[in-house]
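For reference, the structure is listed below as structure tokens.
The values are calculated or read from the model by the stated rules, or taken from the named source; none is laboratory data. Keep in mind it's a predicted model, so treat the numbers as computed, not measured. Cβ: placed from backbone, ideal geometry, glycine included. Neighbour counts: every protein chain shown.
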Amino acid sequence: MVDPIFGWIEAERRRQEEGLELIASENYASPAVLQALGSVLNNKYAEGLPGRRYYGGCEYVDEVERLAQERLKLLFGAEWVNVQPHSGAQANAAVLLALLKPGEKLLSFELAHGGHLTHGSPLNSSGKLYTVQHYGVRADVCLLDYDQIRDKARAFRPKVLMAGASSYPRDWDWKCLREIADEVGAILVADIAHPAGLIAAKLLNDPLPHCHIVTSTTHKTLRGPRGGVIMMGRDFENPLGEKTLKGHLKKMSALLDSALFPGIQGGPHMHAIAAKAVAFGEALQPEFRSYARQIVRNAQVLSQALMERGYTVLTGGTDNHIVLVDLRNKGITGREAEEGLEKAGITVNKNLIPYDPQPPLVASGIRLGTPALTTRGFTESEFRQVAAWIDAALMSLSDPEKLKRIRMEIRAFLQAYPLPYAAAPIPVPDEVSA
Ligand code: DSN
């Protein structure tokens, strides 16, 4: 008997195949990444770091992890990395644990303006353990206001200044943030989970030369397995009082390594680390740079096409893979849009807009992202069509037949854009394969 779980996996594979995936944090990993994830490395315990493990039998996983480290360093020009965080949330929790004692001060981007839960939300351990204040975007243009960040930092004197976002469509000025951090004696941490692939492709400002510590996930624009990483660049005489880069890296990396394990994690997931290594190898290829460029071009075309149809795109466009749409002028909430678009075979997430009058589960906007469909081969012309489908669906929220017709049209259209792993069928129970 085939386990019914594989029926659900097959159902999800088909859902991914038949619909337009526009969730900005999602992507389609390659067959090689999935193969590493589903490998015998899952079976291995390997607490510690390569060459310094608490278990025997680590000679091969040591090589895997070393390769992941080397590729990641090469990809971002990092001096030091840790590839073990199970996710971006763990990477951030470990960094804050390493840098802050309970009650010490963290200044970070407001969640409701595009920040992340792990940057000090009261619902997250970061908000419970540390004393947190936030900076936000300007109400008129929805852009970061670096003067406001400087003023807040001067008044609050945080020990950690954190930057990075889950839904901010513009680039960050890392150099300016470092000047602010230096002025108030803060350690600057960048979370680049969303734009990591675009930064690796050198399309956005590079945080590594400016930020003391950089965290990321590996599965969004970077297109790898679910997971996280922590990195350090090379520009540090201080903030731990060390006079040399070597001294600094040694001291800070020991703090970060031990905050991650045994601080908050147990055994590293060696299958995921192998898959990270595969993804970093893919991202080092010239094709990845073309892919990343296309992601940004597609997002810009999508913004433009939606604005031409009367939609309010926050900040008037995008520098990255994210398009934020304020739906208030259309009289639709984010929740209604998410539900209606799903019926039409278009997956998005409702999203708070800055200063949103609606609660998070309703929200006034939606967040769109181009990485997944760009992996399927979509270019500018396909994204103009995506904008047309989004508009047609949003204008037909009360017409289930129209939504169904759009869904069928999208399904037929997508047959020409196969998923990277469509050729690897999973054995399924009869009722699903029928
Ligand atoms: N859930 C991710 C996102 O959608 O941006 C962030 O963790």
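Screening segment 137-250 for helices (runs of 4 or more DSSP H) wholly inside it with 2 or more residues that are free of Cβ contacts under 8 Å to residues at least 24 places away in the same chain returns the ranges 146-156, 174-184. Of the residues in segment 193-209, none is more than 22 Å from residue 289 (Cα to Cα), more than 16 Å from the ligand (Cβ to nearest atom) and either out of contact with any strand residue (DSSP E or B) (no Cβ under 8 Å at 6 or more places or on another chain) or modelled with pLDDT of 95 or more (or both).
What do you reckon, is residue 344 over 20 Å from the mean Cα position of the chain (by Cα) and within 16 Å of the ligand (Cβ to nearest atom)? When the stated conditions are applied, residue 344 does not pass them. Of all residues in segment 139-186, which are within 16 Å of the ligand (Cβ to nearest atom) and of a type in the set (Ser, Thr, Tyr)? The answer is 166, 167, 168.
Only residues that are farther than 18 Å from residue 190 by Cα and of a type in the set (A, V, I, L, M, F, W, C) were counted in segment 113-161, giving 7. If you go through segment 175-191 and keep only what is surrounded by fewer than 22 Cβ atoms within 10 Å (Cβ to Cβ) and either touching a strand residue (DSSP E or B) at 6+ places or on another chain (Cβ under 6 Å) or not β-branched (Val, Ile, Thr) (or both), you end up with 175, 176, 178, 179, 182, 183, 185.
Within segment 30-46, residues that are farther than 23 Å from residue 220 by Cα sit with their Cβ atoms under 7 Å from residues that are outside any helix (DSSP H, G or I) and among the charged types (D, E, K, R), at 6+ positions apart or across chains, in these pairs: 46/53. When residue 90 is tested against the conditions (1) within 16 Å of the ligand (Cβ to nearest atom); (2) not in a helix (DSSP H, G or I), the lone failure is (2).
Picking from residues in segment 94-128 that are more than 16 Å from the ligand (Cβ to nearest atom) and under 20 Å from residue 152 (Cβ atoms), the one that is surrounded by the most Cβ atoms within 10 Å (Cβ to Cβ) is 107.
The criterion of at least 2 residues that are touching a strand residue (DSSP E or B) at 6+ places or on another chain (Cβ under 8 Å) is met, among helices (runs of 4 or more DSSP H) falling completely within segment 1-78, by 59-76.
When you check residue 365 against the structure, is it within 16 Å of the ligand (Cβ to nearest atom), in contact (Cβ under 8 Å) with a residue 40 or more places away in the chain and either under 28 Å from residue 400 (Cα atoms) or of a type in the set (S, T, N, Q) (or both), yes or no? When the stated conditions are applied, residue 365 passes them. Per the listing 355, 311, the residue uniquely crowded, with 19+ Cβ neighbours inside 10 Å, away from the ligand (no atom under 16 Å from the Cβ), hydroxyl-bearing (Ser, Thr, Tyr) and over 25 Å from residue 289 (Cα atoms) is 311.
I'd like to verify a number: residues in segment 81-107 that are over 25 Å from residue 42 (Cβ atoms) and in contact with a Lys or Arg (Cβ under 8 Å, 6 or more places away or on another chain), how many? Count: 6. Might you check whether a residue that is within 16 Å of the ligand (Cβ to nearest atom) and in contact (Cβ under 8 Å) with a residue 60 or more places away in the chain occurs anywhere in segment 78-86? Scanning segment 78-86 turns up at least one residue that is within 16 Å of the ligand (Cβ to nearest atom) and in contact (Cβ under 8 Å) with a residue 60 or more places away in the chain.
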